[in-house]
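Written below as structure tokens is the structure these notes are about.
The values are calculated or read from the model by the stated rules, or taken from the named source; none is laboratory data. It should be emphasised that the depicted structure is a prediction, and the values quoted were computed from it without experimental measurement. Neighbour counts are summed over all protein chains in view; Cβ atoms, including those assigned to glycine, are modelled from backbone coordinates with ideal geometry.
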Amino acid sequence: SIPLGYFGGIGAASRLGILFKGGNYLDAITKINTVVLDKTGTLTKGTFEVQECKSASGISEKELIGMVASVESDSTHPIAKAIVNYAKQQSVELSPVTGTKEYAGFGLEAMINGTPVLVGNCRLLSNFNIEYPAELLQITDTIVVCAIGTDYAGYLLLADTLKDDAKKAIDDLKMLHIKNIQILSGDKQSIVTNFAEKLGITSAYGDLLPEGKVQHLEELRQDGTNQIAFVGDGMNDAPVLALSHVGIAMGGLGSDAAIETADVVIQTDQPSKVAEAIKVGKLTRRIIW
Ligand code: ADP
Ligand code: MG
């Protein structure tokens, strides 16, 4: 009978760490021909490590780390967690922070001792008309810059690594004849392209703000032949998860908003489970029909 088949499929998936929020998604996932993946936390571990730190003149490295980590202490972004950890390792004390504002895709603004402090990417500083060394734009790692008041104060470089099964995840999707595999990211284009090349993905879109990701999904949907699964983990991914035919969220690291909006939750955080979810869907269909 049909319900029993779907229950069987949902049960089989859950034993693999894949939670389907309804039998209809077991069916919908078999029709997917386009898989769009977020980079940070989905294909990469999302646990950045600080590689390098460079303060501007007039401020010590430790002071810079203290300022940046204090501002980041209110954020749940993977970059923020890495910087706060780094400050702890370096025994740098954090200062009290007030009025923290998070700008999705840019970074943060907050007050420390009555002075506004900005922490984020170069785009953030540009938006506040703060000048920084032009060579920072040439750096190919993930860079976090800081401004204290209206002055550029230095930067930190961070690196993220691919998850162990990221390559397998993409290879398995190709094996299932998914014709269109893409990466979307708010990170810099050069970084996104570099990861995409390692994974054998030719469509890599970087420098996207959350609304840019939404627009990308809307354009993909306009071609009615695209049946889209979006795979993401972040707090900013909820709108794109909602726009896709099947929204898939990473359940471990993922934000509550993403997990709530998703149709399928991967509890193990392994991107290779996306192909497995499609396989379970196909198997369930065979049993039902
Ligand atoms: P992704 O699409 O890779 O998940 P996000 O949209 O979360 O990326 O963020 C895009 C970019 O915005 C980051 O690469 C970083 O430059 C900047 N950013 C966002 N939040 C923070 C933060 N808390 N601290 C510093 N930079 C941030
Ligand atoms: Mg993200």
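Observations on the structure shown:
- Top-ranked residue in the stretch 10-60 [being surrounded by fewer than 19 Cβ atoms within 10 Å (Cβ to Cβ) and basic (K, R); ranked as farthest from ligand 1 (Cβ to nearest atom)]: R15
- Within the stretch 13-62, the set of residues being under 21 Å from G281 (Cβ atoms) and of a type in the set (G, A, S) comprises A13, S14, G17, G22, G23, A28.
- Residues that are modelled with pLDDT of 95 or more and among the polar types (S, T, N, Q) were ranked within the stretch 227-266; the one that is farthest from A104 (Cα to Cα) is Q227.
- With respect to (1) within 15 Å of ligand 1 (Cβ to nearest atom); (2) surrounded by fewer than 19 Cβ atoms within 10 Å (Cβ to Cβ), the lone exception for G234 is condition (2).
- Y6 vs. criteria modelled with pLDDT of 95 or more and assigned to a helix (DSSP H, G or I): no
- Verdict on L162 being farther than 17 Å from E52 by Cα and surrounded by 15 or more Cβ atoms within 10 Å (Cβ to Cβ): yes
- Of the residues making up the stretch 228-248, those that are small (G, A, S) and either away from ligand 2 (no atom under 11 Å from the Cβ) or part of a helix (DSSP H, G or I) (or both) are A229, A238, A242, S244, G247.
- For the stretch 213-227, filtered to residues that are in a loop (DSSP other than H, G, I, E, B) and touching a residue at least 60 places away in the same chain (Cβ under 8 Å), the residue that is farthest from ligand 1 (Cβ to nearest atom) is T225.
- Subset of the stretch 80-109 (residues that are touching a strand residue (DSSP E or B) at 6+ places or on another chain (Cβ under 6 Å), assigned to a strand (DSSP E or B) and not hydrophobic (A, V, I, L, M, F, W, C)): T98, G99, T100, K101, E102, G107, E109
- Of the strands (runs of 3 or more DSSP E) lying entirely inside the stretch 15-79, not one contains at least 1 residues that are within 16 Å of ligand 2 (Cβ to nearest atom) and outside the structural domain of I278 (by TED's automatic domain parsing).
- Where helices (runs of 4 or more DSSP H) fall wholly inside the stretch 110-202, the ranges with 2 or more residues that are within 18 Å of the chain's Cα centre (by Cα), free of Cβ contacts under 8 Å to residues at least 24 places away in the same chain and within 16 Å of ligand 2 (Cβ to nearest atom) are 189-199.
- Some residue of the stretch 146-165 being more than 30 Å from L64 (Cβ to Cβ) and within 16 Å of ligand 1 (Cβ to nearest atom): yes
- Single match in Y86, Y103 (criterion: within 16 Å of ligand 2 (Cβ to nearest atom) and outside the structural domain of K273 (by TED's automatic domain parsing)): Y103
- From T115, T34, T47, T98, residue being polar (S, T, N, Q) and under 30 Å from T225 (Cα atoms): T34
- Checking D187, D172 one by one, the residue that is at pLDDT below 95 and buried (at least 19 other Cβ atoms within 10 Å of the Cβ) is D187 and no other.
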